[in-house]
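Following: one structure in structure tokens, then a few remarks.
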Amino acid sequence: ATACSGGGREKTEESDTGGGNAAGSSGYTIAFITHETPGDTFWDKVKNGANQAAKDTGVTLKYSNDPEAPKQAVLIQNAVDSKVSGIATTLVTPDALAGAVKAATDAKIPVVGFNSGINDYQRLGALMYFGSDETLAGTEAGKKLAEQGAKHPLCVIQQTGSVALEARCAGVKSSVPGTENIQVNGADDAAVTSTLQAKLAQDKSIDSIVTLGAPQALDAIKARQQAGSQAKLVTFDLNEQAATEIKSGNILFSIDQQPYVQGYMAVTSLYLNLKNGNDIGGGKAVLTGPSFVDSANIDKILPFTKNNTR
Amino acid sequence: MTQTVAPAPSSHSADRVRPALASRLMARPEIGALVAAIIIFIFFLVLAPSFRSAESFFTVLYQSSVIGIVAVGVGLLMIGGEFDLSSGVIVYTAGLFTSMFCWYYGVNLWIGAILSLAFCLLLGFINGYLVMKTGIPSFLITLGTFFVLQGANLGVTKLVTGTVSTPDISNIDGFDSLGKIFASSFKIGSVTIWTSVLWWILFVALAAWTLQRTRVGNWIFAVGGNPDSARAVGVPVVRTKIGLFMVVSFLGWFVGMHQLFRFNTLQAGGGVGNEFLYIIAAVVGGTLLTGGFGNAIGVAIGAFIFGMTSLGIIYAGWDPNWFKAFLGVMLLLAVLVNLYVKRMSTRRKVG
Amino acid sequence: MTQTVAPAPSSHSADRVRPALASRLMARPEIGALVAAIIIFIFFLVLAPSFRSAESFFTVLYQSSVIGIVAVGVGLLMIGGEFDLSSGVIVYTAGLFTSMFCWYYGVNLWIGAILSLAFCLLLGFINGYLVMKTGIPSFLITLGTFFVLQGANLGVTKLVTGTVSTPDISNIDGFDSLGKIFASSFKIGSVTIWTSVLWWILFVALAAWTLQRTRVGNWIFAVGGNPDSARAVGVPVVRTKIGLFMVVSFLGWFVGMHQLFRFNTLQAGGGVGNEFLYIIAAVVGGTLLTGGFGNAIGVAIGAFIFGMTSLGIIYAGWDPNWFKAFLGVMLLLAVLVNLYVKRMSTRRKVG
Amino acid sequence: MTDTLADHADKGLHKGEPLVEMEGVGKSYGAIRALRGINLRVNAGEVTCVLGDNGAGKSTLIKIISGLHPHNEGSLRVDGKEVNFASPREALSHGIATVYQDLAVVGLMEVWRNFFLGSELTAGRYPLAGLKVKQMREIADTELRKMGIVVKDINQPIGTLSGGQRQCVAIARAVYFGARVLILDEPTAALGVKQSGVVLKYVAAARDAGLGVVFITHNPHHAYMVGDHFVILKLGATALDKTRKEVGLDELTQQMAGGDELAELSHELKR
Amino acid sequence: MTDTLADHADKGLHKGEPLVEMEGVGKSYGAIRALRGINLRVNAGEVTCVLGDNGAGKSTLIKIISGLHPHNEGSLRVDGKEVNFASPREALSHGIATVYQDLAVVGLMEVWRNFFLGSELTAGRYPLAGLKVKQMREIADTELRKMGIVVKDINQPIGTLSGGQRQCVAIARAVYFGARVLILDEPTAALGVKQSGVVLKYVAAARDAGLGVVFITHNPHHAYMVGDHFVILKLGATALDKTRKEVGLDELTQQMAGGDELAELSHELKR
Ligand SMILES: Nc1ncnc2c1ncn2[C@@H]1O[C@H](COP(=O)(O)OP(=O)(O)OP(=O)(O)O)[C@@H](O)[C@H]1O
Ligand SMILES: Nc1ncnc2c1ncn2[C@@H]1O[C@H](COP(=O)(O)OP(=O)(O)OP(=O)(O)O)[C@@H](O)[C@H]1O
Ligand SMILES: [Mg+2]
Ligand SMILES: [Mg+2]
């Protein structure tokens, strides 16, 4: 009887997210370096995009990550030592990475920035940039919230001291001055839920919640319900469950910066540059977001979240 | 040959003060934590208006229970003289295992939960076995398993589901019955009470009883206080310690089930860092870091102090950037009060 | 009264084997770590082609030095029987202090660096003082300061700069001269050598000499091995231990300066978790977790093992989701090899 | 005290029957060879005294019998069957109870818990069976009183007792649980004259109850008061092995101390 | 051995001059009152013996003199000046060296390092001055040989020595560093007859070199061989305080043991 239990994996569909089976056929090796804290769903999608691009272009991809700037710099140095063909890296702390990027450009290795560092990538010597601007995304989200009449949003930071997350909240605050930040322990759903629950109980004037990651949005739904709060919920990023919640109206909208595209384009552009000398963006950054996912377009996007590509 | 040695004179006792009941109570390990808890409680009652409701109290209790259940096991283990740094991630290993196993093979969640239990017990056994057989400090061995589990949680989840979080399992058979056990709540008036709080109380009571009133409890104190002496008088040191590691992984599994059935989905990277909260709860509750001394009720109070502090700061509406700093100060204060009360109640130097 | 007690017969020694030089070497704490390091080195040489260049080797050395400098201090402290969990964040506290102080008041960086040094030494002193005066385990005290510093790093940075990272200081006076000291590099052929590697070697040599050949070194072993006995024979236990805490915070400050002058800017949330890397390096290098045994060269090898493993995995191009798992396995293997070599070389049970 | 011993002694013991036999036993700690070629018999109803200089290997010898360290050479037989104890627990289950010279008690635990450690009284056999706390306290208190030790509070941590008091707890425990063989490693070293007398009486009583006793001491007078059989170790090997009939107190003292030296000492220090 | 003592003894000592004086000293551990109303004089060139049952407070008494625990009541004078030692280091700097009954050595450290711990020989006064390792090894080895203890390797961790060997290291150390006052807490307890003799000779030699000696023992015979002054403690208070002239060995033994009891014991155990 157990064999026919419902709700499990749909066996007919073979999920195809692993990348790089054609690896090496073009002969290029690309180092792909991020400031991911391991296990983040957002970065998982960036990685999926990069893998898919590597597969499509026949490039060997070397992924590495470290949330601390000095260690990320060592990772870039690492790639230079390994004499890779190209480097794609996030530039969340541009000043700290400048030296390492320079080492790469000195070694004639093309560097592409993505995800963060829109204002600095050119100064550092990166050729192209794919990503959104965190502050801009926050500002846009704030504007949309303000349209809904939000006066006192709560911005939920799930990783203490993260420059990118702080920038998002700062963006929201620039549109809605009443914005308040809160730090939660993103590694523990129960802790996130009770912390938010406590906050909602403490300050009844909170009229909206901005979570900066999809898993925290799901926790926020539980907290809101427990605290009996009516606050509106919006989130950055998407996953399948969050998309479902948008469809059912529990989440108002998601600010999507299309992580899959960031990963995909960073690798593809390097490939094109190496192979063909191409330059994408006409000397300007290519923006992958913010794009808004709400009840209007969720039906179209929901299937893609199931593939873990949005 | 008969009883030739006369019992020593009982006038003797004139020199030694018979401790009053009060002072005996005061010598218990948890008394300092209790005083600290009361002070912190009053502190937040005064400073945080929204802390003053029954709802808030039960939210604090819930938060404490999620930490406290594993902390009880960690406390026992520490009394037994060992650490388990893998106790934070094992919670998520348990949940991920159940969730992905049942989703992938499409089987009833009961099967997954039971297999996951067996797996966790095995992990606890391996931890204990390695510590005892190699003689390497548990701190290191479990740091190793901590890394391994953390990596495996991510790697396997990615491999099985293609993402780094598990699929929603709420439609798989067995979800409702397991949810009742691990993650249900009921209301009394406006107050929501989670069963995890009740389970916590149960586990604490069980651990307290075991420590004080059973043979195994005696052994736990002995293997923590002086393993060589314990072995010399015939205490099965290896079995006791391995058992303690398994208790921790059992309780980790239990909280893992709670997380899974409350949130339906889990992130593969979760649980990291919680091992220290368990240790903090245990030590704030009067457990000796070097083993051999402590008590389950103290550990529970320690978990409560942690829950109260971490949410109290929120209830008080303080600047979240300083959250960690507040937590640190509270921790130091709790420990100091703990110490002060202990000093007041007993000047005995125990060694 | 003259010499009446005859010296015991020296035929005696027939019963006892005089250990050969080789076996004496083998009894040293770091020998296991050395063997483990060589094995891991060969392992990566074989499996990771891009590991096989001098450039890579010096990148590994660089990475090891950044961990290794603080780890030397942590190792000494652990030999002295204490922990310092605030050693990871103090690195950033030092850097943030210097950077923001000079930026805010517009003063020369030398002033900031010196004030920051004084501040760090004060923090080390406070850690040590609290540990010694309250008798609370250092694990807890420094966990408290860890939280406090972590919170303060964030809170103060946010307050001063409005963001969570510091402004670029490369235009402030004194940057160049300080940069020369703390964060310069030179080239030999195609290989970049960072001065931090040289500093690391210097600090290790100094620590090794101190431990083995000075009075203070003797005291460090004694206060870690048995503080009561040490005190009883007149070792200044309190001063020795406080001094060790200050050594750790000095080295933390040093690395903080390196980070600052190499990267010009710092994230306020950095350093968290590194305290464990230091402890791991120390323990992998043969330092006894309970104090009283260990050696500075071992700690350096431990740091090198860590640097090699963490970068080797990347040079080998393995799936980073499994990174932590590899690290865990490597750690366990290194510790096991360490143990095995020690067992082989000496069957003495020391206690 | 005879009541204690008689109550707990194995009823099937016959005087003179060999309980523990060692043949050619040796033991090395790494490069250090602490014992070699030791032959020893412990008979029921007899006291075997082991004497020797510091570092001669006496403690090592009894650690082998009590299962704390396995031997490297030779054979150890208990009740005629060859054994190789993996743990002290196994030795205890053969009714062999030991007072160790250095590792005796768990400092942080209460006196009565130390007394019963490893042999707790429980209401049943299952692991979570309740302890009979009250009874254990009473027994511990009674047994200690019999040795003339009145602790202020049987619930106080044993670490707060004086050195001699701790030693007494260890002895009382071994006597209480030693059903067949009682091993005492320098039990009287930390004790005053009175308490030493009590311990010697216990040794005699144990012998009379039919137990085999191994008694390690530096004091040949103490040894001669109760011993049936004397073994002197020197640098890990047997230097003398005689029965009471074969050796007198004077010879024993002389062998232990280099005899003349002692007389000389008394003379030298005379004032 | 006299060479050692004479070399290190303070040259300014005059026999009979009071070095340590206690007046009405008392000490409580929390609720436990371990000592009260103790008056004690330690004179240069004399041996003060402290005797008493287990738990009588002997160790507590000497821990006060050696600076390990401060006293709660009364006054302690050293060289006529009132002191309240905050640490054993201060006592050491007054030339007071102690052999402790329970805390003696750091198990993991080498024998020679233990010997010199706290009083290392260095090439200079500054903290990073190099140790004179070779010299320290030689001295430690020589001093131990004088006590008849030959350790295999002066570099081996002291934890691997036997109980008695460790005790000898502690005694040798105290003798070597005791410049004015030497305090010995049951030094002969773990020792064989021969080594005990050596220790007694050291005590006598120290006395002859003009040091003040406090000698704690359970053995009235040992005490009477060297003592000038006898104090018996009972339950933390002085039960007897007499000079050698005022008390005989028999009275001392009787006071210690309840005399008759001992005779009875001998009789009882006679076989
Ligand atoms: N740290 C302590 N805490 C509490 N009580 C203590 C402590 N140290 C000693 N005592 C108590 O003080 C009393 C005297 O102890 P002390 O060690 O001085 O006795 P002693 O005369 O040296 O005995 P012994 O001959 O057995 O060594 C004992 O009752 C003991 O239990
Ligand atoms: N764990 C150990 N490791 C290495 N050597 C040891 C160990 N235990 C004992 N030894 C050595 O073995 C020898 C015998 O020691 P043992 O403790 O048996 O002597 P003992 O006769 O009991 O002496 P004592 O009368 O001083 O107690 C000594 O030389 C000692 O240094
Ligand atoms: Mg012995
Ligand atoms: Mg004593």
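The values are calculated or read from the model by the stated rules, or taken from the named source; none is laboratory data. Everything quoted here is computed from the prediction, not taken from an experiment. Cβ placement follows ideal geometry from the backbone for every residue including glycine, while neighbour counts extend to all protein chains displayed. When the accessible area is computed, the model is the full protein with side chains, heavy atoms only, and any ligands, DNA or RNA have been set aside. Shrake-Rupley method; radii C 1.70, N 1.55, O 1.52, S 1.80 Å.
Couple of notes before you dig in:
- Overall Cα dimensions of the protein assembly as shown, principal axis frame, Å, largest first: 109, 69, 61
- Bridge type composition, the range E:106-261 - antiparallel percent by DSSP, nearest 5: 60
- Stokes-Einstein, applied to the Kirkwood radius of chain C over Cα pairs at a viscosity of 1.306 mPa s and 10 °C, places its translational diffusion at 73 µm² s⁻¹.
- Peptides D:230-242, A:40-52 ranked from most to least packed by the mean count of surrounding Cβ atoms within 10 Å: A:40-52, D:230-242.
- Alpha-carbon gyration tensor eigenvalues x 5, square-rooted, for the range B:292-341, Å: 23, 12, 8
- FRET efficiency estimate (nearest 0.05) - Cβ-Cβ, A:Ala107 to A:Asn297, R0 35 angstrom: 0.20
- Label point distance in nm, E:His221-B:Val46, each placed 7 Å from Cα along Cα→Cβ: 7.0
- Debye log10 I(q)/I(0) at q = 0.12 Å⁻¹ for chain E, Cα point scatterers: -0.74
- Of all the options A:Leu287, A:Leu274, A:Leu165, the one that moves most in a Gaussian network model of chain A with Cα springs shorter than 10 angstrom is A:Leu274.
- Protection proxy ranking of A:196-203, E:150-157 - average other beta-carbon atoms within 10 Å, highest first: A:196-203, E:150-157
- Our summary gives the range B:51-342 a relative contact order of 36 percent, counting only alpha carbon pairs under 8 angstrom and 6 or more residues apart.
- Nearest-to-axis residue in chain D, judged by Cβ distance to the rotation axis that brings D onto E and given in whole Å, is D:Ala189, 2.
- Take each residue of peptide A:127-140, count the partner chain Cβ atoms within 10 Å of its Cβ, and average: the result is 0.
- For the chain pair C and A, the buried solvent-accessible surface (1.4 Å probe, both sides summed) amounts to about 2400 Å².
- For D:Ala239, label point 7 Å along C-beta direction: distances to other copies, nm: 3.6
- Proximal aspartates and glutamates to D:Lys11, defined as alpha-carbon separation beneath 18 angstrom and excluding residues fewer than eight positions away on the same chain: D:Asp3, D:Glu46, D:Asp79, D:Asp208
- Per atom type, the range B:177-328 shows carbon and sulfur on 70% of its accessible surface, probed at 1.4 Å.
- In the full protein context, the range C:51-342 carries 30 Å² of accessible surface per residue, based on a 1.4 Å probe and ignoring ligands, DNA and RNA.
- Its residues counted as N, the range E:162-232 yields a C-alpha radius of gyration over 2.2 N^0.38 Å of 1.02.
- Alpha carbon convex hull of the range B:205-279, projected area averaged over orientations, nm²: 6.4
- Here's how it looks for D:Ala239: its modeled amide H is under 5 Å from those of D:Ile232, D:Leu233, D:Lys234, which are all 5 or more places away or on a different chain.
- In this structure, E:Asp102 and C:Ala118 have a Cβ-Cβ separation that, at R0 = 41 Å, corresponds to a calculated FRET efficiency of about 0.45.
- Among C:Leu331, C:Leu159, C:Leu311, the residue with the largest mean-square fluctuation in a Gaussian network model of chain C, with springs joining Cα atoms closer than 10 Å, is C:Leu159.
- Values of log10 I(q)/I(0) for the range B:149-274 across q = 0.14, 0.15, 0.21 Å⁻¹ run -0.83, -0.90, -1.17, by the Debye formula with one identical scatterer at each alpha carbon and no solvent.
- Burial order of peptide ranges B:204-210, E:52-58 (average beta-carbon count within 10 Å, highest first): E:52-58, B:204-210
- Projecting 7 Å from Cα along the Cα-to-Cβ direction, the label point of B:Thr290 sits 0.9 nm from its equivalents in the other copies, listed shortest first.
- Remark: spin-label model distance A:Gln225-E:Ser119 equals 7.6 nm, labels positioned 7 Å along the Cα→Cβ axis.
- Using the 1.4 Å probe convention, the accessible area of chain D works out to 34 Å² per residue with neighbouring protein chains retained.
- If you sort C:Leu45, D:Leu191 by accessible surface, 1.4 Å probe, largest first, the order is C:Leu45, D:Leu191.
- Computed [θ] at 222 nm, helices only, for chain D once each DSSP H run of length n ≥ 4 contributes -39500 (n - 2.57): -10500 deg cm²/dmol
- In summary, the helical segments of chain B meeting the span-like criteria, namely a full DSSP H run, a Cα extent along the axis of 18 angstrom or more and a mean Kyte-Doolittle hydropathy of at least -0.5, are B:31-47, B:54-79, B:87-105, B:109-134, B:138-161, B:195-213, B:237-263, B:296-315, B:323-345.
- Amide H within-cut-off set for D:Gly55, under 5 Å, with H built and near neighbours excluded: E:Gly164, E:Gln165
- Along its first, second and third principal axes, ordered by size, chain A spans 58, 55, 32 Å in Cα coordinates.
- Per residue value of the accessible surface for chain A (all protein chains in place, 1.4 Å probe), Å²: 34
- The same position B:Trp318 in the other copies lies at 4.3 nm from this copy, comparing label points 7 Å beyond Cα toward the beta-carbon, shortest first.
- Among D:Gly45, D:Gly164, D:Gly178, residue whose mean-square fluctuation peaks in a GNM of chain D (springs only between Cα atoms under 10 Å): D:Gly164
- Among beta bridges from DSSP that stay inside chain A, the antiparallel ones total about 10%.
- Within 10 Å of each Cβ in B:180-191, the average number of Cβ atoms from other chains: 0
- Shielding by other protein chains, A:69-76, mean Cβ within 10 Å: 5
- Chain C: calculated mean residue ellipticity at 222 nm from DSSP helix runs of at least 4, using -39500 (n - 2.57): -23500 deg cm²/dmol
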